[in-house]
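Chemist: Quick one: this structure, given as structure tokens, is what I'll be asking you about.
No lab work stands behind these numbers, since they all come straight from the coordinates. In this text, all values refer to a predicted model and were calculated from it rather than measured experimentally. Here Cβ is always computed from backbone atoms with ideal geometry, including for glycine, and neighbour counts include all displayed protein chains.
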Amino acid sequence: MAILNMRLLPDPILRKQAKKVAKVTPQLKKLVENMVETMRDQRGVGLAANQVGSLQKVAVIQTPDMEEPMVLINPEIMKAEGERQVVEGCLSVPGYRGTVNRSEKVRAKAMGLDGKIYRVNAEELLAQALEHEIDHLNGILYIDHLVDHDSLYKIRYNSDGEEDEEGEDDESEEAVAPVSPVSIETLSSGSEV
């Protein structure tokens, strides 16, 4: 297995629609193995193929309560219910978090590595991850769903390289400073931040 290079905004591949996979091949299985390894290395919950430079409609998800990763080939959201606001980040937009609207529950379908179609009913983090990764495969990033420009903020790290919680033990505005609307447009237009 190999750790793949992450594609970061403004890489144009992140804005392209992935192409449907016709069949499961040994090369696809290898890509999935490497995506899982990369997701774990980056400490992510999910990863879409275009985040590692492939325009195949493939994603992997592994929430903390899952023993094995979920492989999603040609995934689609079939039904979404409710709405809730959640804080979200992305491995391809490092250093930022933002508040977005996501569904409370989703029903999705996808093909597994065995070539069979399966369905999944999800809520909470799994529902959020499904929407996030399927958005990626359609060229959509979480910053496109921000509830407002002020909800995007830069993450601060402590001296151990660990993420600081918002404002925890810190009176500094920088800990939760929102990103200006100009910066958001810069992020989404493909210019360096």
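Chemist: Based on other C-beta atoms within 10 Å, arrange 123, 67 from fewest to most.
Modeler: With the sparsest Cβ surroundings first, the list reads 67, 123.
Chemist: By DSSP, what percent of the beta bridges with both residues in region 5-154 are antiparallel, rounded to the nearest 5?
Modeler: 95 percent
Chemist: Hey, another quick one. Report the net charge of residues surrounding residue 127, where surrounding means a beta-carbon distance below 10 angstrom and charges are Lys +1, Arg +1, Asp -1, Glu -1. Kindly include the intermediate steps, with their values, before the conclusion.
Modeler: Values: positive: 84, 102, 105, 107; negative: 81, 104, 123, 124, 131.
Summing Lys/Arg as +1 and Asp/Glu as -1 gives -1.
Chemist: Peptides 31-43, 74-86, 125-137, 145-157: what's the order by average Cβ count within 10 Å, highest mean first?
Modeler: So the order, starting with the most tightly packed, is 125-137, 31-43, 145-157, 74-86.
Chemist: Contact order normalised by length for region 72-143, with contacts defined as Cα pairs under 8 Å and 6 or more residues apart; what percent is it?
Modeler: 32 percent
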